[in-house]
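**Student:** So that we are looking at the same thing, I have put the structure below in structure tokens.
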Amino acid sequence: MPDDRTKRITLTSIRQLWEAGTRREFLRVAALGGGAVLLPTMFAACGNDNGNPSEPPPSEGVTLDLSSDPGVLNYAYALEQLEAAYYTQVAQAFYAGITPEEQLVLTDIMGHEVIHRDFLAGVLGSAKIPDLAVDFAGANVDFGSRFSVLSTAKVFEDGGVAAYNGAGKLLKDVNNLLVAGKIVSVEARHAAAIRDLLRPGTRDFAGDDVVDPSGLDQAIDAGFLLQDSALGQFITTPINVIS
Amino acid sequence: MDQTHSILDTVEPDVMARVVSRRGAIRQGSGASSAVIAGLAMASVPVAIAALARDAYAQATAPSIIDVLNFALTLEYLEDEFYRTGLAASVAATLLPPELTAIEQVSKHEAAHVQFLLNTIPALGGTPVAKPTFDFTAAGAFPDVFSNKATFLALAQAFEDTGVRAYKGQAGNVASNAAVLTAALQIHSVEARHASQIRRLRGQKGWITNNDSGGLPPQAQAVYDGEENTVHAGVDAAPLGANVGGAPAVTEAFDEPLTMEQVLAIAGLFITG
């Protein structure tokens, strides 16, 4: 689908949004539902710019309003939808030569992500976002390749951890924060296991690439992950993040 | 406040007397049944409450952010000293390369967590608690903790799984400060990575099924009690496992919190002053 719907803009700095050409392109592609870096601060920048307040919202797609708990939980729901879809496809035809340990880990994780997805759907009820369209083949995932499957799983699990860690502060109800906490540590357990399958017996389970010198895991701002990270590339449904 | 008080120094004297006598009871009953140990753990709940900083005690409400961070610091002191001691003891030479590598990485992170909290607490206007004195044999219950790999890794698993539950239980108590909450979550997930790896090195799944301690000594059961819960935010998730492993899978998919009191009851087994 090589049209504007799938076009991505790369912004190297927020300042580019103030540059007229970039900003027009940003709004045009955003309006068409294409992917772009949609940091909340960038949205604020658009709103403050006098350009064109009547610029239409995305004609289709999903809006995540992170100023409310249902919006944040929908963000989590989006991630869990993506993960559940991924592992379901992995488990439909495991790559050749898979070990019993690898199959156990991947099957367990599939179950956990399906449970997370369906649980959040139940909690959100009528407030839940629609099912997202995902595309793994277009992102060059090779389900027949051990390395491709596990490397992609690593992106999902590390990304999930970073997303939940970054979104916790947005939740206003401590009961929702607790639920997110119950899920994120399981994602971190997954991340460690997947990383250890990829590089057995090394420090990678909590590697220096994800844990900083203060011993802190990653935390990524909500929105950024879905729009501009390696993880976001798998979702084809346009997602509009507002904060 | 002076610089040398530990979290147990804040305990009222009469309560401290009970702690001491409880330790005597544990010592006498080193072969005690899990029911006895559980009973002792229950009896320590008032002690643990008293172990909160005086301010929180007086307020009789949720602990302050400083209280929570000092609680976290106490746990990190415990973990840091545990791994540091293990790596310098005879048990280290018996670890297989993947085990040694994991313990070294975990140890590095626990030391970093201690330092992070020692930096953060004063920055927020608080005074860090002093490092307690630890007895990782738990008054003789684990005499070979630093010479027997099985015991050492079992306790490592218990400490990491406890750490996950401890931070989770305090998230709501630091939610008023976004930076502290985020940092706490960032430590929380690192503890979970550690737990997963140590569990898998022990031949366990990286995640917790029901309240299964995975072959840990009965004294560690309190670390896993409650993990069998399937009700979250008022929703029973058990039916959601119907096609993907059933209710046990649902218990794996969610980790459960422990209260500060529950955690201190566990940690208290290894704290002598």
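Here, each number is a calculation from the coordinates, and none is a lab measurement. Computed from a predicted structure; not experimentally measured. Note that we place each Cβ from the backbone using ideal geometry, even for glycine, and neighbour counts take in every protein chain shown.
**Student:** What residues from region A:194-220 fall in the zone where the backbone N is under 11 Å from a label point 7 Å along the Cα-to-C-beta line of A:Glu101?
**Tutor:** Under cut-off, by backbone N: A:196-202.
**Student:** List the residues whose amide H sits under 5 Å from the amide H of B:Ile271, counting only those 5 or more places along or on another chain, with H placed 1.01 Å from N in the peptide plane.
**Tutor:** Residues meeting the amide H criterion: B:Asp135.
**Student:** Averaged across B:155-165, how many Cβ atoms of other chains sit within 10 Å of each residue's Cβ atom?
**Tutor:** 1
**Student:** Using alpha-carbon positions, what is the distance between the centroids of region B:99-129 and region A:193-216, in Å?
**Tutor:** If you average the Cα positions of each part, the centres end up 18 Å apart.
**Student:** Estimate the FRET efficiency between B:Ala179 and A:Thr88 by the formula 1/(1 + (r/R0)^6), using the beta-carbon distance for r and 41 Å for R0, to the nearest 0.05.
**Tutor:** Efficiency, from the Cβ-Cβ distance: 0.65.
**Student:** Turning to a different aspect of this structure: Given the peptides A:208-215, B:245-252, A:95-102, A:120-127, arrange them by the average over their residues of other C-beta atoms within 10 Å, most packed first.
**Tutor:** Most protected by this proxy first, the peptides run B:245-252, A:208-215, A:120-127, A:95-102.
**Student:** Rounded to the nearest Å, what's the spacing between the alpha carbon centres of region A:92-117 and region A:141-156? Just the number, please.
**Tutor:** 12
**Student:** Could you sort B:93-105, B:148-160 so that the peptide with the highest average Cβ count within 10 Å comes first and the rest follow in order?
**Tutor:** Packing proxy ranking, top to bottom: B:148-160, B:93-105.
**Student:** Here's another thing I want to ask about it. Using a ≥ b ≥ c from the Cα gyration tensor of region B:64-270 (square roots of the eigenvalues), is it rounded, prolate or oblate, where a/c under 1.5 gives rounded and otherwise the larger of a/b and b/c decides, a/b for prolate?
**Tutor:** Values: a/c = 1.75, a/b = 1.06, b/c = 1.65.
Cα axes put region B:64-270 in the oblate bin.
**Student:** Can you classify region B:116-215 as rounded, prolate or oblate using the Cα gyration tensor, where a ≥ b ≥ c are the square roots of its eigenvalues, rounded means a/c under 1.5, and otherwise it's prolate if a/b beats b/c and oblate if not? Don't jump to the answer; show the numbers that get you there.
**Tutor:** Values: a/c = 2.73, a/b = 1.48, b/c = 1.84.
Note, shape of region B:116-215 comes out oblate.
**Student:** Pull out the extension gain between A:Asp208 and A:Ala127, defined as 0.36 nm times the separation in residues minus the alpha carbon to alpha carbon distance; nm, one decimal.
**Tutor:** 25.3 nm
**Student:** Sticking with this structure for a sec: Would you work out if region A:116-192 is rounded, prolate or oblate? Take a ≥ b ≥ c from the square roots of the eigenvalues of the alpha-carbon gyration tensor; rounded if a/c is under 1.5, else prolate when a/b is larger than b/c, oblate otherwise.
**Tutor:** Since a/c reaches 1.5 but b/c is at least a/b, the shape of region A:116-192 is classed as oblate.
**Student:** Can I ask one more? For A:160-167, what's the mean count of beta carbons from other chains sitting within 10 Å of each residue's beta carbon?
**Tutor:** What the average comes to for A:160-167 is 3.
**Student:** Next up: Straight-line reach from A:Lys172: which lysines have a Cα under 21 Å away, not including same-chain ones fewer than 8 places off?
**Tutor:** Straight-distance partners of A:Lys172: A:Lys128, A:Lys182, B:Lys168.
**Student:** Next up: Between region B:201-273 and region B:141-163, what is the separation of their alpha carbon centroids in Å?
**Tutor:** For region B:201-273 versus region B:141-163, the Cα centre distance is 17 Å.
**Student:** Return the long-range amide H neighbours of A:Thr63 (sequence gap of 5 or more, or a different chain), with a cut-off of under 5 Å between placed amide H atoms.
**Tutor:** A:Asn240
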